[in-house]
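Just below is one structure, and these are the notes that go with it.
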Amino acid sequence: MDYAAITSVAVFLVTLFLMVKRPRHINLGIAAGIGAVASLLLGTVTAADAIVAFGNIWDAALAFVGIVMLSVTLDAMGFFRWAALRVARLAHGHGVRLFFYISLFTAAVSILFANDSAVLILTPIVMEMVKELKTSKESSLAYLFGAGLIADTAAMPLITSNPVNIVSADYFGYTFIEHAIFMGLVGIVTAVQTILVVYLFFRKRIPPTYSNSAVEDLIKNSSPPLMLRTSIITLIAIDIGYVVTSLNRIPVSFVIFSGAIFLLTLYAMKYKTDPSLGTQSNGPLQVLRRVNWDILFFMVAIFLVVQGLRHAGAVDFFAALFIGSVSLPSVLSILVPSLIVTIGASAMNNWPMTMLGLLSVDKAMVLAGLGPQASTSLIFANIIGNNLGPHFFPLGSLAILMWLGTMKRKGLEIGLKEYLKIGSILSLLEVTTASTILWLEQTFLHIALTIVP
């Protein structure tokens, strides 16, 4: 290996270490930024590469910030707590029913507000709720695994359900509606599968009953959510906006960010004029501080670091694997590349693997002159592997790392062995199911993206 190859690999490994270990509690933006600056200074990437990286990532980064801003604003208003308590009330004291209702609620939040937001917001709410219901640690794990793993699984149906999806759509130029056509059924089926598998693992730990009166006490002692009707109307308008902008090829980030700013502005006005809210810790400035602003820098920086891996032949390596896999018979033409991405995402985290996968798929399409069908298979295999594959190992998904970290800070730690018992099996089942459904869609419906390499 020459200087550029060795240097690019070294920079990538150091960046990955900083992302995972977070020495001195540095955020993701700083961790990836150190790698990006090192890449530029050491010559593994150029300023032109940085401009290209920004062009590929800005829409996804802005959309993600908008989604998080919208989520934390609704959380400050009490929207999610209000909804979670209503879900608990609907279960009428039945423990198993509560598990399924929490899981479905988590899936819905993940689809609409992205997996990272669902994990960050719902994990503390679920932990508080099961504590108030006086469930044991073993019983709590059933509900928390249902919330955490399902939040990460249900991030495929919409482009906005995961920044991974937005980056891919922007890179290859397909729309919100086209993504939903291919990944809608895939995402829904794998989410249902995940709920059932987690239930089978924890069915003996789920309490048969819980105190419904305790739920009613929690509801009685909780403040009603602020501007509930306005919030619901805003969410509906955002969903309509997704479709309209998609048809007109307008970046999806414009919709979600505008909706988030609108709702936050109304909340700030309400907060200023209502004296009863003045002592709360969820003021507009506190809401803004909870937004992951560093993600803007992180996404550009990590894409830049991965660009440097071209010198080490990483893009050529994965492109060759993808070219070989699409010629395999039947469902293997999608399953094998999905598993290749799964291995990569589990080993290096799904964000770097997403970027590496995009570059490699693009190169495979050019080198092999792949047609729409094969290109579509690889594009969505990359999404499947980076959405579902990271469950295999905690390092693979930032959402899972945040989920584990949130519980640890609350005094509930899950060991690696205990996680792997579920995560590894679940990941392989999900990737297999998702790949099979995508293959069936392409084979029997004869649908493919209208893109060219």
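The values are calculated or read from the model by the stated rules, or taken from the named source; none is laboratory data. Everything numeric in this text was worked out from a predicted model, so none of it was measured. Cβ sites come from the backbone with ideal geometry, for glycine too, and all protein chains shown count toward neighbours.
Checking the structure you have, find out if any residue of segment 57-64 is under 27 Å from Gly405 (Cα atoms), over 21 Å from the mean Cα position of the chain (by Cα) and not hydroxyl-bearing (Ser, Thr, Tyr). Within segment 57-64, not a single residue is under 27 Å from Gly405 (Cα atoms), over 21 Å from the mean Cα position of the chain (by Cα) and not hydroxyl-bearing (Ser, Thr, Tyr). Based on this model, can you work out whether Ser246 counts as in contact with an Asp or Glu (Cβ under 9 Å, 6 or more places away or on another chain), over 23 Å from Ser140 (Cβ atoms) and either hydroxyl-bearing (Ser, Thr, Tyr) or not in a helix (DSSP H, G or I) (or both)? Against the criterion (in contact with an Asp or Glu (Cβ under 9 Å, 6 or more places away or on another chain), over 23 Å from Ser140 (Cβ atoms) and either hydroxyl-bearing (Ser, Thr, Tyr) or not in a helix (DSSP H, G or I) (or both)), Ser246 qualifies.
Selection of segment 429-448 for residues being over 10 Å from Ile384 (Cα atoms), part of a helix (DSSP H, G or I) and not polar (S, T, N, Q) yields Leu429, Ile437, Trp439, Leu440, Glu441, Phe444, Leu445.
Residue by residue, here is whether (1) surrounded by fewer than 20 Cβ atoms within 10 Å (Cβ to Cβ); (2) of a type outside the set (Gly, Ala, Ser); (3) farther than 28 Å from Leu263 by Cβ; (4) at pLDDT 90 or above holds:
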| site | (1), (2), (3), (4) |
| --- | --- |
| Ala76 | no, no, no, no |
| Arg86 | yes, yes, no, no |
| Ala114 | no, no, no, no |
| Glu128 | yes, yes, no, no |
| Gly148 | no, no, no, no |
| Asp152 | no, yes, no, no |
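Residues considered: Leu200, Leu104. Of these, the only one that is farther than 23 Å from Ile67 by Cα and surrounded by fewer than 21 Cβ atoms within 10 Å (Cβ to Cβ) is Leu200.
This table checks each residue for (1) of a type in the set (A, V, I, L, M, F, W, C); (2) under 29 Å from Pro225 (Cα atoms); (3) touching a residue at least 40 places away in the same chain (Cβ under 8 Å); (4) assigned to a helix (DSSP H, G or I).
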{"site": "Met19", "(1), (2), (3), (4)": "yes, no, yes, yes"}
{"site": "Arg24", "(1), (2), (3), (4)": "no, no, no, yes"}
{"site": "Asp59", "(1), (2), (3), (4)": "no, no, yes, yes"}
{"site": "Met69", "(1), (2), (3), (4)": "yes, yes, yes, yes"}
{"site": "Leu85", "(1), (2), (3), (4)": "yes, yes, yes, yes"}
{"site": "Ile111", "(1), (2), (3), (4)": "yes, yes, yes, yes"}
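Within segment 88-101, restricting attention to residues that are of a type outside the set (Gly, Ala, Ser) and crowded, with 24+ Cβ neighbours inside 10 Å, the residue that is farthest from the chain's Cα centre (by Cα) is Leu98.
Does segment 421-453 hold any residues that are under 16 Å from Tyr199 (Cα atoms) and out of contact with any His (no Cβ under 6 Å at 6 or more places or on another chain), and which are they? Listed by number, the residues that qualify are Lys421, Ile422, Ser424, Ile425, Leu429, Glu430.
Pairs linking a residue in segment 204-218 that is closer than 15 Å to Trp82 by Cα and hydrophobic (A, V, I, L, M, F, W, C) to a residue that is in a helix (DSSP H, G or I) and at pLDDT 85 or above, with Cβ atoms under 7 Å and 6 or more positions apart or on different chains, are Val215/Leu85; Val215/Ala88; Val215/Arg89; Leu218/Leu85. On the given criteria, is Tyr143 more than 19 Å from Pro390 (Cβ to Cβ), assigned to a loop (DSSP other than H, G, I, E, B) and hydroxyl-bearing (Ser, Thr, Tyr)? Spelling it out, it is not the case that Tyr143 is more than 19 Å from Pro390 (Cβ to Cβ), assigned to a loop (DSSP other than H, G, I, E, B) and hydroxyl-bearing (Ser, Thr, Tyr). In segment 165-173, the condition of being in contact with a helix residue (DSSP H, G or I) (Cβ under 9 Å, 6 or more places away or on another chain) and within 18 Å of Phe392 (Cα to Cα) is met by no residue.
Once segment 385-426 is narrowed to residues that are in contact with a Gly (Cβ under 9 Å, 6 or more places away or on another chain) and closer than 25 Å to Gln373 by Cα, the residue that is surrounded by the fewest Cβ atoms within 10 Å (Cβ to Cβ) is Gly389.
One residue alone among Lys421, Lys363, Lys408 is free of Cβ contacts under 8 Å to residues at least 12 places away in the same chain, part of a helix (DSSP H, G or I) and among the basic types (Lys, Arg), and that residue is Lys408. Report, by residue number, each residue of segment 212-221 that is surrounded by 13 or more Cβ atoms within 10 Å (Cβ to Cβ) and either of a type in the set (Gly, Ala, Ser) or under 14 Å from Phe100 (Cα atoms) (or both). Answer for segment 212-221, where residues must be surrounded by 13 or more Cβ atoms within 10 Å (Cβ to Cβ) and either of a type in the set (Gly, Ala, Ser) or under 14 Å from Phe100 (Cα atoms) (or both): just Ala214.
Scanning segment 40-50 turns up one or more residues that are part of a helix (DSSP H, G or I) and either crowded, with 19+ Cβ neighbours inside 10 Å or touching an Asp or Glu at 6+ places or on another chain (Cβ under 9 Å) (or both).
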